[in-house]
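Right, one structure below, let's go through it.
The values are calculated or read from the model by the stated rules, or taken from the named source; none is laboratory data. Remember, it's a predicted structure, so these values are computed and weren't measured experimentally. FYI the Cβ positions are ideal-geometry reconstructions off the backbone, even for glycines, and counts take in every protein chain you see.
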Amino acid sequence: MKKVLSFLAIVFMLFVSVFWTKNVYAQDTQNGKTAMSEMLLAYYYPQTDAKSEISMRIVNRQGQVRQRRLTMLRLNQTSGGDQSYYIYFHEPADVKGMSFLVLKHPGRNDDRWLYFPAIDLVKRIATSDKRTSFAGSDFTYEDVSGRALDDDGHELIGEENLGTQPCLVVKSVPKRQGEAEFSYRKFWIDKTTHLSLKVEHYDFKGKIYKVYETQEIQTIQGTPTITKAVMKDLENERYTEITMKNVSYNVGITSDIFQERLLRRPPRQWIGE
């Protein structure tokens, strides 16, 4: 009888252990997805629309520097849903007049176009090209407008201070391996602002090859806003710094400016020169 009771006790303990593990994992997965959802809203969707001036500094391993100056316009069709971007390059001379349009559709492929004024060509960017370099920088096209939440599985793997900021640490793994340039990413998400303070990109051998770091956050019109950040390419020993200036929210941007035909004729009331 004792042997039977002992066997039943072991079976019960194993059942409880498996049940508890499954539920903890499910909870971690759900919490990870919630943390990522909040981060995407805080970083890519603050307020209804936004206009900002961006300075980009690209530095190679020899210390040579290339610079870009551009204006970015953003309009949310819905919070966390469809969204539009228009980016216009002012400097230097070899990229002046180049413009980039994104019509973002969570749940299906985004529409992206790039205009090259030197050859008067509007190129539609294929889905496979979204992981390539944006304007010669260490950011990809996908970095600019974001990656869809449901493209990855998200697991909350812990909490950790980054400097003095308490962060949630989330591991995101593509659901369709081979459709992303990374095998997984780790995010450090500020528990107060929900902004991502650091992102590590891992290759298919489990090695870190690219790191994003937030360097400055300012509160603009009541909204915590990343105003300086860097993306480091560890393999090629190069990096790109971006600085956001003159950020304004809810300025009245309308959807009619986000059209392919306006890549050649930028909306001067928003772009300026």
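Checking every residue in segment 42-59 against the condition of being farther than 29 Å from R238 by Cβ, within 16 Å of the chain's Cα centre (by Cα), not in a loop (DSSP other than H, G, I, E, B) and not hydroxyl-bearing (S, T, Y) gives zero matches. It is to be established whether one or more residues within segment 102-116 are among the aromatic types (F, W, Y), in contact with an Asp or Glu (Cβ under 6 Å, 6 or more places away or on another chain), at pLDDT below 95 and closer than 22 Å to D256 by Cβ. Yes, some residue in segment 102-116 is among the aromatic types (F, W, Y), in contact with an Asp or Glu (Cβ under 6 Å, 6 or more places away or on another chain), at pLDDT below 95 and closer than 22 Å to D256 by Cβ. Taking first residues from segment 245-265 that are over 26 Å from Q218 (Cβ atoms) and touching a residue at least 12 places away in the same chain (Cβ under 8 Å) and partners that are outside any helix (DSSP H, G or I) and of a type in the set (D, E), the Cβ contacts under 9 Å between residues at least 6 apart in sequence or on separate chains come to T254/D49; E260/D111; R264/D120.
Here is a list: I271, I242, I226. Which entry is over 21 Å from the mean Cα position of the chain (by Cα), touching a residue at least 40 places away in the same chain (Cβ under 8 Å) and within 24 Å of S137 (Cβ to Cβ)?
Details: I242 fails: over 21 Å from the mean Cα position of the chain (by Cα); I226 fails: over 21 Å from the mean Cα position of the chain (by Cα).
Checking each option against the conditions leaves just I271.
None of Q67, Q83, Q77, Q62 is crowded, with 20+ Cβ neighbours inside 10 Å and of a type in the set (S, T, N, Q) except Q83.
Selection of segment 151-168 for residues being in contact with a helix residue (DSSP H, G or I) (Cβ under 9 Å, 6 or more places away or on another chain) and of a type in the set (A, V, I, L, M, F, W, C) yields L156, I157, L168. For segment 115-137, filtering for residues that are more than 19 Å from the chain's Cα centre (by Cα) and not aromatic (F, W, Y) leaves 8.
If the condition is being assigned to a loop (DSSP other than H, G, I, E, B) and surrounded by 15 or more Cβ atoms within 10 Å (Cβ to Cβ), then segment 223-272 contributes I253, F258, Q259, P266, P267. Counting only residues that are modelled with pLDDT of 95 or more and of a type in the set (D, E, K, R), segment 140-158 holds 1 of them.
Scanning segment 119-139 for residues that are on the phi < 0 side of the Ramachandran plot and modelled with pLDDT of 90 or more yields I119, L121, V122, K123, R124, S137, D138, F139.
Just to confirm my filter: which strands (runs of 3 or more DSSP E) fall fully inside segment 157-216 and include at least 3 residues that are touching a residue at least 40 places away in the same chain (Cβ under 8 Å)?
Details: elements: 165-174, 184-190, 196-202.
Because the criterion is at least 3 residues that are touching a residue at least 40 places away in the same chain (Cβ under 8 Å), the strands (runs of 3 or more DSSP E) in segment 157-216 that meet it are 165-174.
Mind checking which residues of segment 192-219 are on the phi > 0 side of the Ramachandran plot and modelled with pLDDT under 95?
Narrowing segment 192-219 to residues on the phi > 0 side of the Ramachandran plot: 194, 206.
Correct list: G206 only.
Of the residues making up segment 84-127, those that are among the aliphatic types (A, V, I, L, M), closer than 23 Å to Y45 by Cα and in a strand (DSSP E or B) are I87, L101, V102, L103, L114. Can you say whether D190 is buried (at least 19 other Cβ atoms within 10 Å of the Cβ) and farther than 20 Å from F139 by Cα, as far as the supplied structure shows? Yes; evaluated as a whole, the condition is true for this residue. Among the residues of segment 219-273, those that are closer than 18 Å to Q83 by Cβ and either of a type in the set (A, V, I, L, M, F, W, C) or touching a helix residue (DSSP H, G or I) at 6+ places or on another chain (Cβ under 8 Å) (or both) comprise I226, M244, V247, V251, I253, I257, F258, L262, L263, P267, W270.
Considering the conditions (1) among the acidic types (D, E); (2) more than 20 Å from E235 (Cβ to Cβ); (3) surrounded by fewer than 20 Cβ atoms within 10 Å (Cβ to Cβ), D152 is excluded by exactly one of them, (3). Here segment 101-113 is the region considered, the condition is being touching a Leu at 6+ places or on another chain (Cβ under 9 Å) and touching a residue at least 60 places away in the same chain (Cβ under 8 Å), and the residue that is surrounded by the fewest Cβ atoms within 10 Å (Cβ to Cβ) is W113.
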